[in-house]
1. Using amide H atoms built 1.01 Å from N in the peptide plane, name the residues 5+ places from V79, or on other chains, whose amide H lies under 5 Å from its own.
2. Could you check the spin-label model distance between L269 and A212? Points 7 Å from the Cα along Cα→Cβ, value in nm.
3. Any lysines with Cα under 20 Å of the K108 Cα? List them, leaving off those in the same chain fewer than 8 positions away.
4. Just going by the charge dipole of the chain, with Lys and Arg at +1 and Asp and Glu at -1 on Cβ, which of V193, I47, A118 is farthest out on the positive end?
5. Can you give the extra length, in nm with one decimal, that the chain gains between A101 and A68 once fully stretched, where that is 0.36 nm per residue apart less the Cα-Cα distance?
6. Each residue of the range 187-203 in turn: what ³J(HN,Hα) in whole Hz from Karplus with 6.51, -1.76, 1.60 and θ = phi - 60°, glycine and Pro shown as x?
7. Tell me, how many Å apart are the Cα centres for the range 1-73 and for the range 100-132?
8. So what are the ³J(HN,Hα) numbers for the range 22-29, from phi and the Karplus equation (6.51, -1.76, 1.60; θ = phi - 60°), rounded to whole Hz, Gly and Pro as x?
Amino acid sequence: MLELREISKAFGRKQALSDVSLALQPGECTGIIGPNGSGKTTLINIILGLLRPDSGTYDVDGIPFATARTSLLRSIGAVTEQPRFYPGVSARVNLRFIARACGLVSEKERIETVLKFADLSDHADRVYGSYSLGMRQRLSIAAALLSDPQIVIFDEPTNGLDPEGIRLIRTKIIDLKAQGKTIILCSHLMSEVQQVCTRFAILSEGRVLQTATVEDVIGGKARTIVIAATNLEKLRLHIEQKEIGQITQEHSGSITLKVSDKIKNHELLKQLVDSGIEISSFAPAPTALEDYFTSVLSAQ
Ligand code: ADP
Ligand code: MG
């Protein structure tokens, strides 16, 4: 577990972070979500030992960073906004440089493992300079994983990527989560966080405004679902009879439904299918968390 306690950092008169406390669990992806300038990268740089906080401490599995800096840094890998690789040499050679600089043992095997994980095995001998943006980002992931770190940090990993590139990064984060890694995903996009994170913290002007689980926000409160069915009449009757929620719109084959109770999406879907309703699409409104994020920020 990575635990941050009351971390503060100022740049001159600019207070970039104020008393940030967070606990990050293995096997979970925690989103740190906040607008540009809210302090996300500053926090990551502190975790990576690149910046010293003015006050506050953090520890990994109970070991304070200040007392075991070198060994703890090996347990942290980061995919940051500006990766630095040599453009004139291949991806494999770039990884070899990094592995040697970190003093990795059995580097050869490890390099092949991380290349494979990043889907780069077939392109590993191409010079880095010829890589697409998506491949560059995947090489950053490979490099971050070289020391097989327990904690993996992603700082705005999909900036500038096309949808396919974004999807690939997302599946890699999900794979790492399944391996039991402790993952931090910094983003200014709630939709990105929503897709992979179980838990998130909203950062604004260097303060944590709120921490919550995604389930708390979209599971517990009223939310919108758009459902399309072959027989819309049957669907409408079922919703009304079972008092599932409030129909706010009905047109061209779909019903927009506000679900007010604590019923979970998968339970509702199962209930509809079990009642013999042919569902052709079931779409929880993707904007639920985005709206929430905006409302928390604007309540400031
Ligand atoms: P984010 O990653 O959320 O966009 P940053 O952590 O990069 O935010 O920045 C937080 C605030 O700290 C911003 O106001 C930024 O201008 C300021 N800041 C960050 N790094 C420095 C620095 N090295 N010197 C001066 N100000 C900085
Ligand atoms: Mg940043």
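1. I153, F154, D155
2. 2.2
3. K116
4. The residue sitting most towards the positive pole is I47.
5. Details: separation 33, 0.36 × 33 = 11.88 nm, distance 1.89 nm.
That works out to 10.0 nm of additional length.
6. 7, 9, 10, 4, 4, 5, 5, 4, 6, 10, 9, 8, 9, 8, 10, 9, 10
7. Here the answer is 29 Å between Cα centres.
8. 8, 10, 10, 9, x, x, 10, 10
Laboratory data are not the source of any read-out in this text; all were calculated from the coordinates shown. Bear in mind the structure is a predicted one, so any value in this text is a computation, not a measurement. Neighbour counts run over all protein chains shown; Cβ positions are idealised from the backbone, glycine included.
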